[in-house]
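The values are calculated or read from the model by the stated rules, or taken from the named source; none is laboratory data. Computed from a prediction, not measured in an experiment: that's the story for all the values here. Neighbour counts run over all protein chains shown; Cβ positions are idealised from the backbone, glycine included.
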Amino acid sequence: MPIDLESLRSAFEETYSRRPEIVSTAPGRVNLIGEHTDYNEGLVLPCAIDRYVCAAAAVRDDGLIRAKSLDYDQCDEFRVDSVRRFPGSRGWRDYVRGVAWALQDEQLAVRGADLVIAGDLPQGAGLSSSAALEVAVAGALSRVSAIEIDRKRLALICQKAEHRFVGVNCGIMDQFASALGIEGHALLIDCRELSVEPVALPKGISIVILDSKVERKLSDTAYNRRREECDEAASALGVGSLRAATPESLEIAKMDPVLVRRARHVITENGRVTAMAVALGVGDQAAIGVLMTESHKSLRDDFEVSTPQLDALVEIAARMPGVIGARMTGAGFGGCTVNLVERDAVAGFAEAVVADYEGRTGLRADVHVCRASDGLRVTDA
């Protein structure tokens, strides 16, 4: 594991003058295909990755939660019976507080705790650092509070924290991937039925994530507006969500052209997710590449969440030897692309793409060669 857990334990002891009792570890995620479909009750195909947020914890008997973030070198302190938003913040403190609030809103008895939090998951890059933080904290608070909770419910509680406490109307994909990930597999998630089906990834293929270095926070982008547009499109089509819409219904619809484009992306993207699960299962590299290309074009043109930098990364990657497919991943407005690359070609691919991208944009992309990881783990410290 890239995070030095002994350093985390030492930091906990230095901060609180005692050893932690448990360590809760939650991965980030990369979505192979299925963007902006999760909050439309659609289909997504993410996998957890081997980049993590860890929370070391020990119980307290006074109802106080104290938390320290090593990444930010900041602390927080609040009482579990009076959780409030941190003044003027949508930062890490609100995610910790939000999880404590959401667990209690589910009538679960949360005890006080000391926490030290650290990670090696890039932040603001579209790899779900916020969901990993939520899931890691939820795992820690649940264990020290002796709360028995299954991983699916834990993920839904974390989503509630982000919706109702932090104020970002995310779908369930990120929390599900972080809590339920399976090593060597993607997860075909039906966001309407809340079902999860593992999909084995072909051997000999690496997941290469390229960070465009265009950072964003969803709360500061048009993410929530895209959700509103999808709701408006569903209402105009007379369906409860765009999951129930069809290409035929879209053709005869009389609504704003912007809403047509938003709905068209969601409808076609759901079809691409189903096809991608099949293509991965049989190792059809040609089909995988076409589906990823079509997905990126749809996100760029119909959903309008790509950026010139993401477009450049995808264009550069697509013509490199050994590349099976490339597309933007995550909510967009910056962040990362995901690339499926033949393992033997990864080193040359990364070097060439970084050089070309820097020449075009002046930005030096970060490269993360990842594997599909297990989800949340809570172990004794």
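Under 8 Å by Cβ, and 6 or more places apart or on different chains, what pairs join a residue from the stretch 251-268 that is in the same structural domain as Ala233 (by TED's automatic domain parsing) and modelled with pLDDT under 95 with one that is loosely packed, with under 13 Cβ neighbours inside 10 Å and among the charged types (D, E, K, R)?
none
Are there helices (runs of 4 or more DSSP H) fully within the stretch 128-232 with at least 3 residues that are of a type in the set (D, E, K, R) and either modelled with pLDDT of 95 or more or touching a Phe, Trp or Tyr at 6+ places or on another chain (Cβ under 6 Å) (or both)? List them.
Once the helices (runs of 4 or more DSSP H) in the stretch 128-232 are filtered for at least 3 residues that are of a type in the set (D, E, K, R) and either modelled with pLDDT of 95 or more or touching a Phe, Trp or Tyr at 6+ places or on another chain (Cβ under 6 Å) (or both), what remains is 151-160.
On the basis of being within 30 Å of Val214 (Cα to Cα) and in contact (Cβ under 8 Å) with a residue 12 or more places away in the chain, does Leu133 make the cut?
yes
Looking only at the stretch 311-345, which residues are in a strand (DSSP E or B) and touching a residue at least 60 places away in the same chain (Cβ under 8 Å)?
Hits for the stretch 311-345 are Ile324, Arg327, Met328, Thr329, Cys336, Thr337, Val338, Asn339, Leu340, Val341, Glu342.
Do you know which residues across the stretch 1-19 are surrounded by fewer than 24 Cβ atoms within 10 Å (Cβ to Cβ), over 20 Å from Leu210 (Cβ atoms) and of a type outside the set (D, E, K, R)?
Our first condition is that a residue be surrounded by fewer than 24 Cβ atoms within 10 Å (Cβ to Cβ); within the stretch 1-19, this holds for 1-11, 13-19.
Filter once more, so that each one left must be over 20 Å from Leu210 (Cβ atoms): 1, 3-11, 13-19.
Result: Met1, Ile3, Leu5, Ser7, Leu8, Ser10, Ala11, Thr15, Tyr16, Ser17.
Quick one: in the stretch 240-283, which of the residues that are among the polar types (S, T, N, Q) and part of a helix (DSSP H, G or I) is nearest to the chain's Cα centre (by Cα)? Step through it out loud before you land on a result.
Taking the stretch 240-283 and keeping what is among the polar types (S, T, N, Q), we get 241, 246, 249, 268, 270, 274.
Subsequent filtering for residues that are part of a helix (DSSP H, G or I) retains 249, 268, 270, 274.
On the way: Ser249: 31, Thr268: 21, Asn270: 18, Thr274: 20 Å.
This residue is Asn270.
For the stretch 100-110, name all the residues that are within 12 Å of Ala138 (Cα to Cα), in contact with a helix residue (DSSP H, G or I) (Cβ under 7 Å, 6 or more places away or on another chain) and part of a loop (DSSP other than H, G, I, E, B).
Val110
Can you tell me which of Ile209, Ile189 is buried (at least 22 other Cβ atoms within 10 Å of the Cβ) and assigned by TED's automatic domain parsing to the domain that holds Leu154?
Working: Ile209 fails: assigned by TED's automatic domain parsing to the domain that holds Leu154.
So the residue among Ile209, Ile189 that is buried (at least 22 other Cβ atoms within 10 Å of the Cβ) and assigned by TED's automatic domain parsing to the domain that holds Leu154 is Ile189.
Of the residues Arg60, Arg93, Arg29, Arg66, which single one is surrounded by 24 or more Cβ atoms within 10 Å (Cβ to Cβ), basic (Lys, Arg) and assigned by TED's automatic domain parsing to the domain that holds Ala136?
On inspection, the qualifying residue turns out to be Arg29.
Going through Asp256, Asp284, Asp344 one at a time, which residue ends up being surrounded by fewer than 20 Cβ atoms within 10 Å (Cβ to Cβ) and farther than 26 Å from Arg371 by Cβ?
Selected residue: Asp256, the only one of Asp256, Asp284, Asp344 that is surrounded by fewer than 20 Cβ atoms within 10 Å (Cβ to Cβ) and farther than 26 Å from Arg371 by Cβ.
Any residue at all in the stretch 364-375 that is surrounded by fewer than 22 Cβ atoms within 10 Å (Cβ to Cβ), in contact (Cβ under 8 Å) with a residue 12 or more places away in the chain and more than 18 Å from Leu32 (Cβ to Cβ)?
Within the stretch 364-375, one or more residues are surrounded by fewer than 22 Cβ atoms within 10 Å (Cβ to Cβ), in contact (Cβ under 8 Å) with a residue 12 or more places away in the chain and more than 18 Å from Leu32 (Cβ to Cβ).
Which ranges mark the strands (runs of 3 or more DSSP E) fully within the stretch 20-99 that have 2 or more residues being under 25 Å from Gly334 (Cβ atoms)?
Output list reads 22-33, 43-60.
Please pick out the residue among Ala350, Ala331 that is farther than 15 Å from Gly126 by Cα, under 23 Å from the mean Cα position of the chain (by Cα), buried (at least 19 other Cβ atoms within 10 Å of the Cβ) and of a type in the set (Gly, Ala, Ser).
Ala350
Would you call Arg264 under 22 Å from Pro198 (Cα atoms) and basic (Lys, Arg)?
Considered against the rule, which asks whether it is under 22 Å from Pro198 (Cα atoms) and basic (Lys, Arg), Arg264 comes out as no.
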